[in-house]
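The values are calculated or read from the model by the stated rules, or taken from the named source; none is laboratory data. Owing to the predicted nature of the structure, the values given are computational and were not obtained by experimental measurement. Cβ sites come from the backbone with ideal geometry, for glycine too, and all protein chains shown count toward neighbours. For the accessible areas, the whole protein counts, side chains as well, though only heavy atoms, and no ligand, DNA or RNA atoms are used. Shrake-Rupley method; radii C 1.70, N 1.55, O 1.52, S 1.80 Å.
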Amino acid sequence: MPRVVIAPDKFKGTLPAEEVADAIAAGLRRVVPGVETLECPIADGGDGTVAAAVAAGFEFVPAEATGPAGERVRTGYARKDDTAIVELAAVSGLSMMTELAPLTATTLGVGEVIAHALDNGCTKVVLGLGGSASTDGGAGLVQGLGGRLLDAEGRELPLGGKALLDLATIDLSGLRKAEIVLASDVDNPLLGEHGAAAVYGPQKGATPEDIELLDRALAHFAEVVGTEFADAPGAGAAGGTGFGALALLGATFRSGIDVVLELTGFAEKLPGADLVITGEGSFDEQTLRGKGPAGIAARAAGTPVVAVAGRVTLDRETLRQHGFSAGYGLTDIEPDVQRCMTETAALLEQLAARVAEDWL
């Protein structure tokens with residue numbers, strides 16, 4: 001019987017990765033009842049990273065923390081042995097905001113969740129960056145771990161990126177220590193036209209005036225901290241959280257998909273596979289820039305890789321050049337985009353049945 005590794009990312013806004021994998025497996029079994037499926041939901045370091053870890057056997061640990069607007073939120077992290085997987089988007093994410101607050105949104109809760117993990121015996125933290133609501137340079141993260149950011153009068157700074165303009169000194173004497181690995185495929189620097197404020201500020205509600213202010217605030221933060229990491233690839237990730245973690249927490253930076261594939265054991269599932277199926281909501285040029293499915297194709301070791309998605313905008317030759325044998329979109333079988341978004345699981349089963357007819 002054929003063996004298929006099913007390793008999709010989420011279909012953002014419609015179906016989490018684990019349910020995508022389940023629907024694909026069900027569709028394959030329609031055509032080949034005895035097919036062996038190995039489900040391996042993935043993420044690229046952004047939202048869905050904790051879910052991918054839990055699907056791979058990590059324990060979900062609930063926690064409460066400060067949300068991006070200063071409210072208390074219920075969240076959590078994944079844990080296995082002494083390693084915790086924390087997802088910034090699930091604590092300080094843009095999707096959690098009822099009203100955008102580009103100048104005051106914070107990553108404080110991310111530090112609080114990491115502190116919770118440390119209190120429970122974890123010594124290593126993988127922090128998935130992406131989907132942040134804030135542009136605070138990771139200042140909140142540092143505060144949540146016990147660091148103090150003070151103004152010229154020795155007062156604790158308010159939360160958010162704007163407040164960094166008043167930063168005078170940083171007290172790290174109470175900082176909690178851990179081995180922190182940042183998981184992201186964003187390579188932006190902290191400052192300038194390709195930096196955290198300019199590139200990602202608009203989607204967080206920042207006006208041109210806000211962007212200029214936030215860029216100045218981050219530049220001042222870097223002057224106080226030290227500019228060594230300001231130009232490091234990924235310093236601008238998650239509103240500059242990459243910078244704060246690199247400069248003040250001694251974090252290291254790794255490709256998000258590399259980290260997730262290690263956590264989920266993708267390489268161990270691959271030997272003997274006849275086909276790999278991956279995918280995400282929209283399969284387009286952005287997919288090829290380090291997103292999860294591109295990482296799967298790059299590591300498939302000669303096994304055919306088929307992509308399924310809500311829509312596929314890449315032509316066959318482009319797919320082939322990037323390691324994909326074929327691409328299948330829900331819009332191939334249902335032209336109504338609204339139905340594709342509301343009936344995703346059922347349509348995915350149909351699409352996976354077509355993949356089985358073509359490849360198994």
Descending accessible area (1.4 Å probe), largest on the left, turns K12, K291 into K12, K291
Given only helices, namely DSSP H runs of n ≥ 4 each adding -39500 (n - 2.57), what is the per-residue ellipticity at 222 nm of the chain, to the nearest 500 deg cm²/dmol? -10500 deg cm²/dmol
Label-point gap, in nm, between K124 and A232 - each point 7 angstrom along Cα→Cβ: 1.9 nm
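Which order do M97, M1 take when ranked by solvent-accessible area (1.4 Å probe, heavy atoms of all protein chains), largest first?
Largest accessible area first, the residues go M1, M97.
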In the chain, lysine pairs closer than 24 Å at Cα, eight or more apart or cross-chain: 13
For E64 and T207, extending 7 Å from Cα along the Cα-Cβ vector and measuring point to point gives, in nm, a value of 3.6 nm
Crossing angle, helix 237-249 versus the chain [Cα axis fit, 0-90 degrees, rounded to tens]: 60 degrees
With all protein chains in place and a 1.4 Å probe, E18 shows an accessible area in Å² (nearest 10) of 100 Å²
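For the chain, give the share of DSSP beta bridges that are antiparallel, in percent and rounded to the nearest 5; count only bridges with both residues there.
On the way: 17 of 48 bridges.
Here the share of antiparallel DSSP bridges comes out near 35 percent.
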Check which residues have an amide H placed less than 5 Å from Y328's amide H, if you skip close sequence neighbours. A307, V308, A309
Plugging the Cβ-Cβ distance of L100 and R72 into 1/(1 + (r/R0)^6) at R0 = 22 Å yields, to the nearest 0.05, a FRET efficiency of 0.70
For segment 240-348, state which GluC sites (Glu not before Pro) are in a DSSP loop and have at most 16 other beta carbons lying within 10 Å of their beta carbon. E343
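Counting only protein heavy atoms and using a 1.4 Å probe, what share of the accessible area of segment 161-267 belongs to carbon plus sulfur, as a whole percent?
Answer for segment 161-267: carbon and sulfur cover 51 percent of the accessible area.
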Go ahead and set up a Gaussian network model of the chain, Cα springs under 10 Å, then flag whichever of A232, A346, A219 fluctuates most. A346
Separation between Cα centres of segment 154-171 and segment 283-360, rounded to whole Å: 46 Å
Sorted from largest down, give the three principal axis spans of the alpha carbons of segment 157-294, whole angstrom values. 59, 37, 23
Could I have the simple spin-label model distance between S173 and E268, label points 7 Å from Cα toward Cβ, reported in nm to one decimal? 4.6 nm
Give the separation of the Cα centroids, segment 62-95 to segment 28-44, in Å. 30 Å
Determine ³J(HN,Hα), in whole Hz, for all residues of segment 20-36 in sequence, where each value follows from phi through the Karplus function 6.51 cos²θ - 1.76 cosθ + 1.60 and θ = phi - 60°; x replaces Gly and Pro. 4, 4, 4, 5, 5, 4, 5, x, 4, 5, 4, 9, 10, x, x, 4, 8
Quick one: what Rg and Dmax do you get for segment 3-141 from the alpha carbons, in Å? 16.8, 55
Result for the chain: accessible area per residue, probe 1.4 angstrom, in square angstrom, of 41 Å²
Relative to the longest principal Cα axis of the chain, at what angle does helix 108-119 sit, 0 to 90 degrees, rounded to 10? 80 degrees
